[in-house]
1. Can you work out the Karplus-derived ³J(HN,Hα) for every residue in the stretch 175-187? Use 6.51 cos²θ - 1.76 cosθ + 1.60 with θ = phi - 60°, whole Hz, and x for glycine or proline.
2. So for the chain, if I pair up every lysine 8 or more residues apart or on another chain, how many of those pairs have alpha-carbons under 18 Å apart?
3. Return one whole number: the accessible area per residue of the stretch 225-304 in Å², for a 1.4 Å probe.
4. Roll a 1.4 angstrom probe over the protein heavy atoms and tell me the percent of accessible area of the chain that is carbon or sulfur.
5. Take peptides 154-162, 283-291, 54-62, 243-251 and line them up by average Cβ neighbours within 10 Å, highest first, as a rough protection proxy.
6. Once phi is turned into ³J(HN,Hα) by the Karplus curve 6.51 cos²θ - 1.76 cosθ + 1.60 with θ = phi - 60°, what whole-Hz value does each residue of the stretch 126-140 show in order, with x for glycine and proline?
7. Work out how much length Asn20 to Ala283 would gain on full extension: take 0.36 nm times their residue separation and subtract the Cα-Cα distance, in nm to one decimal.
8. What residues qualify as long-range amide H neighbours of Met81, i.e. H under 5 Å apart, gap of 5 or more or another chain, H built at 1.01 Å from N?
Amino acid sequence: MNARTDAALLQNNHMSYHLNNSHLDALEEETIFILREVAAAFERPALLFSGGKDSLVMLKCAEKAFGTKASGGGIPYPLLMIDTGHNFPEVTDFRDFRAQELGAELIVRSVEDSMARGTVRLAHPGESRNVHQSVTLLEAIEEFRFDALIGGARRDEEKARAKERIFSHRDSFGQWQPKAQRPELWTLFNTRLQPGEHFRVFPISNWTELDVWQYIDREQIGLPSIYYTHKRQVVDKKGLLMPVTELTPPREGDVVETRDVRFRTVGDITCTAPVESTAATPAEIVIETLAADVSERGATRMDDKTSDASMEKRKKDGYF
């Protein structure tokens, strides 16, 4: 029995049970505490905001933590987006809409600008720009002298992220040292920095994909449309449904199919695959997620499949 069949069975029986989401209150409280801790402990923090579901959940928690400009408050740090130039337009459009709706400062820095400066050089024109975001990110940190970047990474996504601290120290080269992490006992965080160093902070580290979707459902958080079922042309490549786009055209011999799909995670078009799905609401996605046996990155991200340690290597080089 596959995950899709399991989800169908759960869907058919969904009226016979109620999924408890009371634990979301504790997760939300922890996230709000960390967001406020960052505001108190650092001089120039920023919140990494891609317009994806995890960053939108963080933004909702930040809105609860600090209020909005309309209510006399407001998020006390800017939103930062590193744009590869190959992002899904549905996501970047929603990013701009949400930032404007909150009245938040949005800073966008592009990998294409790094390419123009010569700090990023592609091996060939078709190479994915995803890994090169690290260079642009480090340049943005230097430009704005950020001392903390708040990200939406979660420990359940990937094994390198599973062993990272909530307050993750980066050295003066922007690198992560897995064997030199600081202890985090009783939610006491060591935020001391030397000149040139910074922190990456992950307030939703302890959330799972299921928690995220339950929270989206409970709080009625708006998302880009591609997170829900839609028809799309895809090519099945060893179990990954690669979308057919101008950047990822079919190759000779590829069989192009139109399927009902949705994206579990969104990133660079060249390395992000959708999954087959008919889920049109957060509640339906919660049911599908209950039956899933592969993490969202494992099921959809080609950039994590280059080697067993691909994520850890990228994080050591400055990746999110």
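The values are calculated or read from the model by the stated rules, or taken from the named source; none is laboratory data. Computed from a predicted model, the values in this text were never measured in an experiment. Positions of Cβ are generated from backbone atoms using ideal geometry, with glycine treated the same way; all protein chains shown enter the neighbour counts. The accessibility values were calculated without ligands, DNA or RNA, using every heavy atom of the protein model including side chains. Shrake-Rupley method; radii C 1.70, N 1.55, O 1.52, S 1.80 Å.
1. Residue by residue, the stretch 175-187 yields 8, 9, 10, x, 8, 10, 8, 8, x, 10, 9, 6, 6 Hz.
2. The result is 19.
3. Working: 3570 Å² over 80 residues.
Value returned for the stretch 225-304: 45 Å² of accessible area per residue.
4. Values: 7770 of 15280 Å².
Percent of accessible area from carbon and sulfur atoms in the chain: 51.
5. My ranking of the peptides, most packed first, is 54-62, 283-291, 154-162, 243-251.
6. Values per residue, Gly and Pro as x: x, 5, 5, 8, 4, 5, 7, 4, 4, 5, 5, 4, 5, 5, 5 Hz.
7. Numbers: separation 263, 0.36 × 263 = 94.68 nm, distance 1.27 nm.
Extending this stretch completely gives an extra 93.4 nm.
8. Phe49, Ile107, Val108, Arg109
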